[in-house]
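Notes for the one structure printed next.
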């Protein structure tokens, strides 16, 4: 499936950083969902560079809805969103085309595409492609919202800044979405300072983000290979920079005994709940009705201004690389709305598979 | 795809813990691969309970090859492996059928299957199903081996026992596979002691396992949604107990600056290599020719003998649960060959997609 | 997907004519559907050779349900059906292994599998594999029946015998299923005579079969590539001997003007119906609520006793072939329940995709 | 997969007749294939209305390559083609929005999309969407051509005009592609006369088209469910108006005995060939190295100017319909390049699955 994900609701991404446009096709979303262009623009704004902690390449993200929308609602046919690339400076990259940026896709792409790939600005590997994902995710979030399902992603760790993990997901989503740096606690300045410190040293930083989803029905996910964990993980690793995923307490569970790691069930107002949520809302790959929680490891941006050792893969010899393009010293702030959007797409797919294609507009 | 994984080489798993048999269908593997029954039996033996640190349910795992093999080689048609369940004591479970085991799939399965699921011994969610995966993986490993690709999985952390991570994958695979407790260092006794200590307290333990793959060609994996990381992650989360995955240094990368996290490229004997391998052999979702490395978080077995709080989900009221079935106090030893096997299946699929269905028998 | 079909309800076939068994895995069918072993046996009996017009190889078709059934109902986990091969005479084929039977899969399989295929009795290409399809289809038919959907397949043309096409599908299904030769009119003897005449001349005959489905809701099928026509066609061509498919009047529509070929809509008891049904119940790839009708072209069995010109593909030279195995002089009678069964599987998949996985047990 | 087809080379179609644009995403085609814009334009011209026998809506088909092309070659990333809709007269349709056109998708789409579909000019069901398919197919044809594979589609029957079937495919492809009405024999005027006669009577005509493919390697196609016949059939039924498909002699085989229907093998210049080609180059779902041949039944265009009986599906009452939009009295001429293009896409997918993703640029 390569650049597509999903079985019932299917997202396809396309475009290159310095080509005419990036975009997506979102197929299979049920007819009748409102397409709120202002909300899409708002989500795109959350992903857009904003301030000294982000790249200097700022795009207006003027999106066009080319198909699948009629009278302000989804038609049920493929919905195509095109976002032109308007701020392109390809000359930045020309000199470096044959020097593999360490820990970037340049060399592995060369081995796969034999030199035919578009190298300008990372080409199809560029984070620029995520603009389309955010736009598609905005529509999916509105579909989910109609069924009472809400989600958001915040920075959990960035340098020595440590945010609180989700505890009351529904209310914390509101807090997160109201901020430029998505955090639950009031640590925005501290977080930005971590990024600026790295930037000042011509370096970059990574971090951990956490996604919380509330309102999902119990019983979602399929053993063995369509476990909700597996499906969300496959999606998450599509995003450049993601090197790990854990559900609930994840790697932290490994040092506990079972008696501590297990989430006891109990009745609460006639509903089965768990007293703790170390499993992140998923048992046996299937939702148990508690909030779904997962963390992503986001590595530091590989593009840094410092001189690095590398190879010239055309000539096959060692070389030094000093990058001059416009880069983010950290993508951790900007990746949050992307993770939320992509997760929203995946959830729409899973819900449509489980409850039918008209699920989001049923009474 | 639910119980199937793969596009070109496709594995389907079936069976329940206390049904007549478990098994797999392995479709699409190229014709002409030797099917070595002794090697399959050897791999199954690695997964089988062996000693006081494992469950008391020991199965002989007498497998039958029902299709897809002719004159000792794969035919190219679906290969079906059936493994009868011979040591079944269903009465152990009867009393507990309506009491959801904490952090087990019982409750979420109930919500999904409405009470029609087979609850005996975990039914289709049972680790028993992994016997078939190991058998299929044994054949896939032999296919990989014909192309110089080797892999193994060892226990990286278990309680306070910490094994060395892979450094020289090819030689360490040999060491690991020679031991009952798969470890690189000589820590077998210490590891077993951790499990027995938990067992003595009617408890269980989890841990971290690490998989290493060497010999993979560079250029394998597809952006965006078939990144090798995403594909391997989807597979890994099929396995009960897996709650996290990280590639290379994974979550450890998040606290580094880019200048430290990046793997510099350099030439070595005419080949491009990286000086370090913090990325785990994958950049941009595509292999770079270095060993592929990933870690899995394996939570403690949820089935413990201690009394636990839970609910009776038929009557909808709080309850106490004291388990009496036969369980593993830790699955960490036994999950290693399963992870290796499932990874081998996924790699065969990826290689066949990239290089064609006859890849494994080409000169 | 090769030996699997479907996205939500997925059928996988496996087995060879002279191997230990044939079988299927049916994954994704919703939990709680009754599995009536007597009904499965009855459907298998309809496919079984019966009389001088069929092959002399008669199998008892003693099927085993290995997984996915608990207390007489589907669990929602993969349902595995195994049917042992009990009447095998492989020596029949030994001499002919390298002589490609004209219009059979021998040569094309050789080119694909490089000689590793199991050639005995056609191996995996054998019609024997359809026994599993019939068993799976029997369960799917019971699921469909719970939603008021019924279907059957009859012989429309066989030599100079011409049956009536479906007009009142619901009642004609009853008539067809009550007969050994599935026909709407009373032409059983004539039909059998056509086959026996061919057999007497060491030859074989083909024909046309027609499938009718009533009770399907309008709105099923997806443009462009999951049109119901496309999905049913892909399934139909899986069956050896099928060389054509047409919906409604199919090729007959090509010689009409639009004013004659169109099916006018009209209201009938508050429901939209069409005055004629030349479109076979499908417009734009989507059901319109009328009975779905399609015809399959079934070529004459390629295995005939007469001497034929062919090649020895191992030595690469011309040769003569005189077959001695046990063959059907016509598969037209026996293919009818297979087409019905496979269509039932496909419909279950389409309905589950459209209305959710619990569709068949919802009130 | 809905609006996508393929596993390795994947085509996604999008757009509506009267929306801003139609287009496709073509994913997975190997890097390095020349993208010849003049050739694409030429193929689009073959599909464009041209003369009194076609619709009066003529579009310039100014296509834009938005992604996946760099320096005139495919990059291996998704290739997006956008074709603006420039000649739109939506007012033609406003009055008819609630009157279901007989044998058109209006009513079945209403049942599926609940009134949210874009009804203007058939919306997403419009033949306008095929412009994107032709553009994508042009690129795929050039990939195939690099491996010596060629194909074309001609009108086999139209009213009482009967073209010769393919006999020497390679040379006949040239003849066909040189003509405005794609025919092997010199019957262009007669064919056009048939269409004009129907048009003069405010009616429409259908016909049969035949596709021929030469140069395909033997051994392509997968039993059971990815038979080449099944895969091509699924694609063909995506096209509006196609109601039947047959391979080789198809339905004609049903009235033959096996001794006449079989294609005897023989050696010719060291290669295995068949003396006749009644099977259309496919045995057991797998190519045998002979030209692949199939016929499609194309029904008469359902949109005719004559008054027809229908229903108003909003008010649920009988009604009369007199169409005033711009329509083709026959699509048979224009469907030929579309069938060729879609077949080319499917063949690229099948070849990439079989021989690897770099097949088309390997030496």
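Rounded to two decimals, what is the ratio between the C-alpha radius of gyration of the stretch B:1-119 and 2.2 N^0.38 Å?
1.27
Run the helix sum for chain D: -39,500 (n - 2.57) per DSSP H stretch of 4+ residues, divided by residue count, reported at 222 nm to the nearest 500 deg cm²/dmol.
-8000 deg cm²/dmol
GNM on chain A, C-alpha springs below 10 Å: top fluctuator among A:146, A:138, A:341?
Among A:146, A:138, A:341, the largest mean-square fluctuation in the Gaussian network model of chain A belongs to A:146.
Normalising by the residue count of the stretch C:67-209, find the relative contact order in percent from Cα pairs under 8 Å and 6+ residues apart.
Relative contact order for the stretch C:67-209 comes out at 16 percent.
When only Cα pairs under 8 Å and 6 or more residues apart are kept, what is the percent relative contact order across chain A?
24 percent
What is the projected area of the convex hull of the Cα atoms of the stretch B:317-363, averaged over all directions, in nm²?
Averaged projected area of the stretch B:317-363's Cα convex hull equals 7.0 nm².
Give me the Debye-computed log₁₀ of I(q)/I(0) at q = 0.08 Å⁻¹ for the protein assembly as shown, equal point scatterers on Cα only, no solvent, two decimals.
-0.97
Among C:46-54, C:232-240, D:164-172, C:212-220, what's the highest-first ranking by average C-beta atoms within 10 angstrom per residue?
Put in order of decreasing packing, that is C:232-240, C:212-220, C:46-54, D:164-172.
Can you give the average number of partner chain beta-carbon atoms within 10 Å of each beta-carbon in peptide D:123-136, as a whole number?
So the per-residue partner count for this stretch is 2.
Using only Cα atoms and rounding to the nearest 10 degrees, what angle (0 to 90) does helix A:188-200 make with the longest principal axis of chain A?
20 degrees
Report the residues of the stretch C:15-44 in range of a label on residue B:64: point 7 Å along Cα→C-beta, backbone N strictly under 14 Å from it.
It comes to C:15-16, C:19-24, nothing else.
Pick from B:137, B:19, B:280: which residue has the top mean-square fluctuation in a GNM of chain B where Cα pairs under 10 Å get a spring?
Greatest mean-square fluctuation among the candidates belongs to B:19.
Using Cα centres only, tell me the gap between the stretch B:280-359 and the stretch C:279-296 in whole Å.
After rounding, the separation between the Cα centres reads 45 Å.
Can you give the FRET efficiency for residue B:201 and residue B:273, using 1/(1 + (r/R0)^6), R0 = 45 Å, r = Cβ-Cβ distance, to the nearest 0.05?
Plugging the Cβ-Cβ distance into 1/(1 + (r/R0)^6) gives 0.45.
Counting just the Cα atoms, what span does chain A cover along each of its three principal axes? Round to the nearest Å and put the largest first.
67, 52, 38
Stokes-Einstein D for the stretch D:269-363 at 4 °C, 1.567 mPa s, Kirkwood Rh over Cα pairs, in µm²/s?
71 µm²/s
Return the average number of partner chain Cβ atoms within 10 angstrom of each residue Cβ along peptide D:68-74.
4
Provide the FRET efficiency to the nearest 0.05 for the residue C:55-residue C:164 pair, computing r from the beta carbons and using R0 = 25 Å.
0.30
What residue among A:114, A:327, A:18 has the largest mean-square fluctuation in a Gaussian network model of chain A, using Cα springs under 10 Å?
A:114
Normalised radius of gyration for the stretch A:142-211, please: alpha carbon Rg relative to 2.2 N^0.38 Å, two decimal places.
Compared with the compact-globule rule of thumb, the stretch A:142-211 sits at 1.25.
When you look at the Cβ of every residue in C:308-314, what mean number of other chain Cβ atoms sits within 10 Å?
Average neighbour count from other chains, rounded to a whole number: 5.
Relative to the longest principal axis of the C-alpha atoms of chain C, give the angle of the C-alpha long axis of helix C:332-355, reported between 0 and 90° and rounded to the nearest 10°.
In chain C, helix C:332-355 runs at an angle near 40 degrees to the longest axis.
Let me check against my output: what whole-number percent is the relative contact order of the stretch B:1-154, with C-alpha pairs under 8 Å and at least 6 apart?
Relative contact order here is 32 percent.
Under a point spin-label approximation (7 Å from Cα along Cα-to-Cβ), what is the residue D:322-residue A:145 distance to one decimal in nm?
4.8 nm
Read the figures in this text as sums done on the coordinates, not as results from a lab. Given the structure is predicted, the values throughout are model-derived calculations rather than measurements. All Cβ positions, even for glycine, are placed from backbone atoms using ideal geometry, and neighbour counts span all protein chains on display.
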